[in-house]
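Here the structure comes first, spelled out in structure tokens, and everything after it is commentary.
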Amino acid sequence: MKSVIIATTMMALLGGTAAHAQLGVAKKVMPKVTLGAKLGANLQQVNGTSLDNAYAAGILGGLFVDVSKKKMGVRVEGLVKSAKIEFTTIADPIKTVGVDIPVLFQYAPIKRLKLHLGPQFTTILSAKQKDTDVKNLIASSDIAVAAGAEVNLPVKLTVGVRYIKGFVDLNKSNIASYANEKWTTSGVQVSVGYRFLN
């Protein structure tokens, strides 16, 4: 009976050790996943001959996920943002609401610092001038390149800044004074985030 108890105990200890070792190996092999939310300011400029060409303030917010291994990784975000297109001759701007989906290469040169670079895809959900729907006057989507940096702070907080340069001509207006213009975006986003997972 004693020998059975000893054998069972040994098997349990060996099994636990093996499971712990496998868990350690899995942690080393599996990528690190970070999930969080962010909120911040969207400072967007729309360039065009009849436009103000100034940076207009809006807001942004949404979710992000990081999948990383050592210093390399991928960051994907889903952000809702507000922005304005301001004119030099018209008092009322076009106010837009859109969704940004950046898909970014991520590199961490030092602990707590992450650098981001990659494409960003934007869909315009609404565009209004006063109470009038003018979504037909601008392109429904934009493609941009985004580059920025983010710092991981204690208590799971993050602070980030990003520059975005758009390449799509947003001007779809058939108004004679605007018809031949090209409207393209550039902007700066500053945000604070919170990491739910990791």
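Selection of the range 119-146 for residues being surrounded by fewer than 16 Cβ atoms within 10 Å (Cβ to Cβ) and part of a strand (DSSP E or B) yields 119, 121, 123, 125, 126, 128, 129, 132, 133, 141, 143, 145.
Please pick out the residue among 179, 139, 144 that is within 19 Å of residue 125 (Cβ to Cβ) and over 17 Å from the mean Cα position of the chain (by Cα). Spell out how you get there, then give the answer.
Details: 179 fails: within 19 Å of residue 125 (Cβ to Cβ); 144 fails: over 17 Å from the mean Cα position of the chain (by Cα).
Answer to the selection: 139.
Can you find even one residue in the range 167-183 that is free of Cβ contacts under 8 Å to residues at least 40 places away in the same chain and either charged (D, E, K, R) or at positive phi (or both)? Steps first, please.
Taking the range 167-183 first, the residues free of Cβ contacts under 8 Å to residues at least 40 places away in the same chain are 167-169, 172-176, 179-180.
Still in the list and also either charged (D, E, K, R) or at positive phi (or both): 169, 172.
Yes, the range 167-183 has at least one match.
Exactly one residue out of 151, 155, 161 is within 22 Å of residue 54 (Cα to Cα) and in the same structural domain as residue 83 (by TED's automatic domain parsing): that is 161.
The values are calculated or read from the model by the stated rules, or taken from the named source; none is laboratory data. Treat the numbers as computed from the prediction; the structure is a model and nothing was measured. Glycine gets a Cβ as well: all are built from the backbone with ideal geometry, and neighbour counts include every protein chain shown.
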